[in-house]
Amino acid sequence: MREINPKETTRAYAFEMWMQAPNPMVTFFKTLNVSRLVKISRRKGLKFNMLMCYCIGRAASAVKEFYMLPVGGKLMQFDSIAVNTIVANSAGEVSSCDIPFSEDLAKFNSDYLRLTKQVAESCTDFDLSGQSMVIGTSALAQYEIDGAVGMYSGIFNNPFMIWGKYKRGLFKTTLTVSFQFHHTQMDGAHAAKFLDLLQREIDGLKG
């Protein structure tokens, strides 16, 4: 990552307005149709959570604001994106694992399986925050929740997504997600575009 001058970016006004705000985080909720992900997961023997993370990475990579992030009061520019997942480790606790995003689903899946296994066994976080703009995720897959709002710590400004158990309907399977983002990084329109792109990526996933 490298520092950039906010005044030379499209985030100049947002940086001035929101960088020092007591709580600059915004949360959106959206119900996604994940029928295709469930179908591909079963047919191909791929983890549903991995497919969600892959689609999140694809959607985010198409929105330029995801490559910028306020860090330590400065605006930083990144060349790559990673998607974080929370892993149940061998000590009965949880650890954090950043998966570098790749357009190649096979490579992303391979990295996901390798890194989550490494983190689960070692109980040691795998952190790419200094190298890539990391999108946090937390999947509470065994619980039915209607939404969640993340806590703003004042330390981590990364965008963050939370979801629970998907819900089966007569004609489709849905999943409600929450998406929290720092207003300096993006505006509501950018976040809404990302969520729309996420649905398109899910619908268009080949498998």
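The values are calculated or read from the model by the stated rules, or taken from the named source; none is laboratory data. All figures in this text were calculated on a predicted structure; none of them were measured in a lab. Counting neighbours? That spans all protein chains shown, and the Cβs are built from the backbone with ideal geometry, glycine included. For the accessible areas, the whole protein counts, side chains as well, though only heavy atoms, and no ligand, DNA or RNA atoms are used. Shrake-Rupley method; radii C 1.70, N 1.55, O 1.52, S 1.80 Å.
Details
- Residues located in the stretch 30-72, provided they are of a type in the set (G, A, S) and within 19 Å of Q180 (Cα to Cα): G57, A59, A60, S61, A62, G72
- Here I145 does not fit the description of being in a loop (DSSP other than H, G, I, E, B), β-branched (V, I, T) and more than 22 Å from V177 (Cβ to Cβ).
- The residue of the stretch 1-25 that is nearest to N158 (Cα to Cα), among those that are in contact with a helix residue (DSSP H, G or I) (Cβ under 9 Å, 6 or more places away or on another chain) and buried (at least 18 other Cβ atoms within 10 Å of the Cβ), is P24.
- Candidates G150, G154, filtered to the one that is assigned to a loop (DSSP other than H, G, I, E, B) and either surrounded by 17 or more Cβ atoms within 10 Å (Cβ to Cβ) or of a type in the set (F, W, Y) (or both): G150
- S178, sole failed condition from (1) open to solvent by 80 Å² or more (accessible area, probe 1.4 Å); (2) more than 17 Å from I40 (Cα to Cα): (1)
- Selected residue (criterion: modelled with the lowest pLDDT) from residues of the stretch 137-147 that are surrounded by fewer than 20 Cβ atoms within 10 Å (Cβ to Cβ) and of a type outside the set (A, V, I, L, M, F, W, C): G147
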